[in-house]
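Scroll down for the structure; my scribbles are underneath it.
The values are calculated or read from the model by the stated rules, or taken from the named source; none is laboratory data. Quantities reported herein were computed from a predicted structural model and do not represent experimental measurements. Cβ atoms come from the backbone with ideal geometry, glycine included; neighbour counts cover every protein chain shown.
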Amino acid sequence: MWEYTEKVKEHFFSPRNVGQLEDANAVGEVGSLACGDALKLFLKIDPQTDRIIDARFQTFGCGSAIASSSALTEMVKGKTVDEALKITNQDIADYLGGLPSEKMHCSVMGRDAFRAAVACYRGEPAPEEQLEGELVCECFGVTDEQIRSVARENNLTSVEQVTNYTKAGGGCGQCHEKIKEIIAQVRGELRKEKKAPAAAARPMTNIQKIAKIQEVIEKEIRPMLQQDGGDVDLIDVDGNRVLVALRGACVSCPSAGVTLSDAVGAKLKELVHPDLHVEEVSG
Amino acid sequence: MTVTYLDNNATTAVDPRVLEAMRPFFCERYGNPSSMHSFGGTVARDVARARENLAQSLGASAKEIVFTSGGTEADSTAILSALATAPDRREIVTTRVEHPAVLNLCKRLARDRGYVVRWLSVDRQGKLDMDEVRSRITDNTAIVSVMWANNETGVIFPVEEISEIAHEHGAIMHTDAVQAVGKVPMNLEASQIDFLSLSGHKLHGPKGIGALYVRRGTRFSPFVVGGHQESDRRGGTENVPGIVGLGEAARLCSEGFADHVATMRRLRDRLEQGLMATVPLAHLNGHPEARLPNTLSIGFEYVEGEAILMRMDVKGICASSGSACTSGSLEPSHVLRAMGVPFNSVHGSIRFSLSRYTTEDEISYVLEEVPPIIRGLREMSPFGREYLSAVCTVQ
Ligand SMILES: Cc1ncc(COP(=O)(O)O)c(C=O)c1O
């Protein structure tokens, strides 16, 4: 017995947008009878604005496959194609309040069907042809490129997860070694990329940094402290040291140290830069 | 909501009379049957009576019954005993459609201990090819393990005939009769079967109790090693309430045997005919005749089993599916695949299994509720629509 959320049940028992769309100008199909689930997605897209006017689906599959399809149609309607392309399989699962991990492949199917439909609309080859790659899982017909794409997008770390998300490896199990290799490659790539954007975030000029800190203090922190009769002033910024002076109720407040690190420090780290730290000075 | 329980091959309701028989053995007569005092010692008499009742229902003698923790332990005991007592024989003959209790043990024996497993195939109706059976059993066979009746389809195997072949080669014959006991007449005295496994919770007894029948004179090596219980054949203080419950459940099964079987068969046939008549593209899985009287496995094309079960569940109808999505693995039922059931009906296979408690009204209710569920899901499906709509308009 699967533990489905109320939202999954609701979309399974009363699915939205079921059926064909006569005047669809984009159709995407994924899955097969043999695999046990399949989704055919119909979209009507305004060619002028690229906005998705209507979406319908036909699904053969289990409860979460039908719920994911229903959720997908609700999520893409009203969005432009580019906006909707940003929807990840995790977004579909989140929309449904989560899916059992073994059922994540249902959300991936939703994402894939949408990409296939967009390819059809744009006159591009179907994504699975673009991602042709090398067949890894013969039982479920999954290629290395498909595994790579899903593993990357969902930050997958184990064969079991890859099976849950793509079905690859869920049959005879002969491809498990190959899947492990792909995971290792993807993890390596992700690690490298992670280092890069952190470096990219640094080249904020000092002026920009101070302006940003000032803004966050004005808009986020002062209103919060003022509610309790306190206040804060920015005195100086020295590299990553942010020097502030507390005023009013904050000065005599026994938990002043906590207030500082909790409220001011956390907000600045979150909204400006993770390396900042706050020090109190008497000003 | 009332529950319409048609999943009796998974487990059954405990008969209230069974519960009554068990009740004194928890708080009042909790003594250990091996004790020297009469408080415990008298309990041994109840265990003996239960053993007698179970033996009688099988046409066996009490000495031939070894109580176990269930069907799975009985299966392990039988197979491992046969291997231990015939160390020179290196092959196991079994079928591709066994319950995991046998299937996974055999796979493990092949992997870890180098046994050669001869997997017998089945045809489209789930039946064995007797020529293949004959060719697979050799003088190197330690044990032939063939289930009496299959839990998913109810298909019955000719275990007596296979026993003869096994014995011609000096091999031990085991049958997993967990699904057959209480539904198929048995007289083990007149049979050649050496080991037979059964389980309490499939015959309106409690869970966690079962038994292995060990034919008198059969070489035996215990699986659970410990004290002298069960005549040194299974260590561990007896599960007294369970044993008493199983004895009573077996007695009640044989007491009303003919009536129970007739009722189950009549209602099962009504369900089968009703569904076949109202739902297009539905196929029976398994042989129509050589089958348990309570089991009906149907493949509904172009729908997926879990979706069917979920929609039946909100109507209070309990059944099982052979679909991949219900199993937690991604592969659909190994039984239906071994039979070569096509994919378009394997994923939509539903097993209904009745009991002696099933009523006419329950069958009527299922016949009312299930066809619209299948129709509704098919209307959502992208497959076979042209054909389906052609068929559906007739209704
Ligand atoms: C054919 C068969 N063998 C063995 C078993 C296992 O029995 P138990 O649950 O008592 O271990 C079952 C039931 O699940 C069964 O159907």
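Values as computed for the structure displayed
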| quantity | calculated |
| --- | --- |
| Only listed residue being in a helix (DSSP H, G or I) and surrounded by fewer than 23 Cβ atoms within 10 Å (Cβ to Cβ), chosen from B:Glu368, B:Glu331 | B:Glu368 |
| Residues of the range B:145-161 satisfying the condition of being within 16 Å of the ligand (Cβ to nearest atom) and either in the same structural domain as B:Ala262 (by TED's automatic domain parsing) or not aromatic (Phe, Trp, Tyr) (or both) | B:Ser145, B:Val146, B:Met147, B:Ala149, B:Asn150, B:Asn151, B:Glu152, B:Thr153, B:Gly154, B:Val155, B:Ile156, B:Val159 |
| Counted residues, the range B:92-132 - those being closer than 23 Å to B:Gly286 by Cβ, in contact (Cβ under 8 Å) with a residue 40 or more places away in the chain and more than 16 Å from the ligand (Cβ to nearest atom) | 6 |
| The range B:297-353, subset facing another protein chain (nearest Cβ under 10 Å) and on the phi > 0 side of the Ramachandran plot, residue modelled with the highest pLDDT | B:Tyr302 |
| The range B:204-216, subset closer than 21 Å to B:Ser145 by Cβ and within 11 Å of the ligand (Cβ to nearest atom), residue surrounded by the fewest Cβ atoms within 10 Å (Cβ to Cβ) | B:Gly210 |
| A:Glu189, sole failed condition from (1) surrounded by 15 or more Cβ atoms within 10 Å (Cβ to Cβ); (2) assigned to a helix (DSSP H, G or I); (3) without any contact (Cβ under 8 Å) to a residue 60 or more places away in the chain | (1) |
| Yes/no for B:Leu6 being away from the ligand (no atom under 12 Å from the Cβ) and buried (at least 18 other Cβ atoms within 10 Å of the Cβ) | yes |
| Subset of the range A:23-56 (residues that are within 24 Å of the chain's Cα centre (by Cα), surrounded by 20 or more Cβ atoms within 10 Å (Cβ to Cβ) and within 8 Å of chain B (Cβ to nearest Cβ)) | A:Asp37, A:Ala38, A:Leu39, A:Lys40 |
| Selection within the range B:51-91 - in a loop (DSSP other than H, G, I, E, B), more than 19 Å from B:Leu188 (Cβ to Cβ) and either of a type in the set (Val, Ile, Thr) or more than 16 Å from the ligand (Cβ to nearest atom) (or both) | B:Ala86, B:Pro87, B:Asp88, B:Arg89, B:Arg90 |
| Residue pairs meeting the criteria (Cβ under 8 Å; at least 6 apart or on separate chains; first closer than 13 Å to B:Asn239 by Cβ, in the range B:66-84; second within 12 Å of the ligand (Cβ to nearest atom) and charged (D, E, K, R)) | B:Gly70/B:Lys207 |
| Among residues of the range B:163-196, those that are away from the ligand (no atom under 16 Å from the Cβ) and either in contact with a Gly (Cβ under 6 Å, 6 or more places away or on another chain) or modelled with pLDDT under 95 (or both), counted | 3 |
| Test for A:Ser14: is it among the polar types (S, T, N, Q), touching a residue at least 40 places away in the same chain (Cβ under 8 Å) and within 12 Å of chain B (Cβ to nearest Cβ) | no |
| Out of A:Glu124, A:Glu138, A:Glu160, sole residue that is over 18 Å from A:Asn17 (Cα atoms), out of contact with any Lys or Arg (no Cβ under 9 Å at 6 or more places or on another chain), free of Cβ contacts under 8 Å to residues at least 12 places away in the same chain and within 14 Å of chain B (Cβ to nearest Cβ) | A:Glu160 |
| Flag for B:Leu128 being surrounded by 18 or more Cβ atoms within 10 Å (Cβ to Cβ) and more than 24 Å from B:Gly236 (Cβ to Cβ) | yes |
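Residues checked against (1) among the aromatic types (Phe, Trp, Tyr); (2) assigned by TED's automatic domain parsing to the domain that holds A:Leu41; (3) assigned to a helix (DSSP H, G or I); (4) on the phi > 0 side of the Ramachandran plot:
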{"site": "A:Phe57", "(1), (2), (3), (4)": "yes, yes, no, no"}
{"site": "A:Ala67", "(1), (2), (3), (4)": "no, yes, yes, no"}
{"site": "A:Thr73", "(1), (2), (3), (4)": "no, yes, yes, no"}
{"site": "A:Ala93", "(1), (2), (3), (4)": "no, yes, yes, no"}
{"site": "A:Tyr121", "(1), (2), (3), (4)": "yes, yes, yes, no"}
